[in-house]
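These notes are about the structure you will find just below.
The values are calculated or read from the model by the stated rules, or taken from the named source; none is laboratory data. Every value quoted in this text rests on a predicted model; they were computed, and no experiment measured them. Cβ sites come from the backbone with ideal geometry, for glycine too, and all protein chains shown count toward neighbours.
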Amino acid sequence: MITREILEQSLAGYVPEQLDLHVQGGTHAAVALIVKETPSGLQLLFMERAANENDPWSGNISFPGGKVENGDGDPRATAERETWEEVGIDLGKASFLGRLSDIAGIRIPVHVSCFIYLLEEVGPFRLMKEEVQDAFWVSFSDLTDPSRHGEKRVRFDGQTMIRPGITLPHPGGPALWGLTYLLVMDLISLLKL
């Protein structure tokens with residue numbers, strides 16, 4: 001069972017790789033990987049993006065987050081602002097645990113910084129319906145269950161593809177794949193699961 005202590009120990013001393021936006025080009029985005037502790041271990045917060053023909057990630061699973069704006073100050077502030085806007089969680093009241101290494105998109109020139117928070121109090125979500133269809137928690141045990149991993153049929157930018165992913169215990173929902181999947185796999189690797 002993954003606990004807060006195991007997560008904190010895994011992040012202690014970890015030095016994430018940070019991509020240089022000036023070298024990489026493209027858009028810089030930041031997301032919040034939010035965990036809560038339950039009697040059966042840690043759970044991660046995911047959201048299902050709302051259907052939108054102008055959004056290439058329409059209907060996909062993601063962490064709260066978005067494009068780094070000029071007024072944000074830094075990517076971590078972006079993750080916190082976007083989390084408040086998209087799901088109504090104030091990360092100023094959460095424990096900041098660290099970050100994962102930045103990752104870069106393949107099909108779209110974007111690189112993503114991921115910041116990890118532990119949420120002590122969990123209230124109801126306040127979803128920005130234009131961007132978020134749903135928000136839900138998934139346990140580490142479900143994310144690491146080998147029977148949930150494999151090649152999945154996914155949709156991106158109007159196209160159907162087969163990609164590595166995880167079937168989530170979210171009835172009728174899409175598989176976890178793409179950049180969010182890579183971030184989850186990085187975290188699982190860091191935890192040595």
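For the range 137-191, the tally of residues that are of a type in the set (Ser, Thr, Tyr) and touching a helix residue (DSSP H, G or I) at 6+ places or on another chain (Cβ under 9 Å) stands at 2.
Table: residues versus (1) without any contact (Cβ under 8 Å) to a residue 60 or more places away in the chain; (2) surrounded by fewer than 19 Cβ atoms within 10 Å (Cβ to Cβ); (3) touching a helix residue (DSSP H, G or I) at 6+ places or on another chain (Cβ under 6 Å).
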residue	(1), (2), (3)
VAL15	yes, yes, no
ASP20	yes, yes, no
THR27	no, yes, no
ALA30	no, no, yes
LYS36	no, yes, no
PHE46	no, no, no
GLY73	yes, yes, no
LEU100	no, no, yes
ILE108	no, yes, no
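Of all the numbered requirements in (1) within 19 Å of LEU33 (Cβ to Cβ); (2) of a type outside the set (A, V, I, L, M, F, W, C); (3) in a strand (DSSP E or B); (4) touching a residue at least 24 places away in the same chain (Cβ under 8 Å), GLY165 misses one, and that requirement is (4). Taken over the range 120-154, the criterion of being part of a strand (DSSP E or B) and touching a residue at least 60 places away in the same chain (Cβ under 8 Å) is satisfied by VAL132, GLN133, ASP134, ALA135, PHE136, TRP137, VAL138, SER139, VAL154. Residues in the range 78-98 that are closer than 18 Å to GLN18 by Cα and buried (at least 16 other Cβ atoms within 10 Å of the Cβ): THR78, ALA79, LEU97, GLY98. Of the candidates SER58, SER10, SER62, the single residue that is among the hydroxyl-bearing types (Ser, Thr, Tyr) and at pLDDT below 90 is SER58. Among the residues of the range 82-119, those identified as in a loop (DSSP other than H, G, I, E, B) and either within 10 Å of LEU33 (Cα to Cα) or among the β-branched types (Val, Ile, Thr) (or both) are ILE89, LEU100, ILE106, ILE108.
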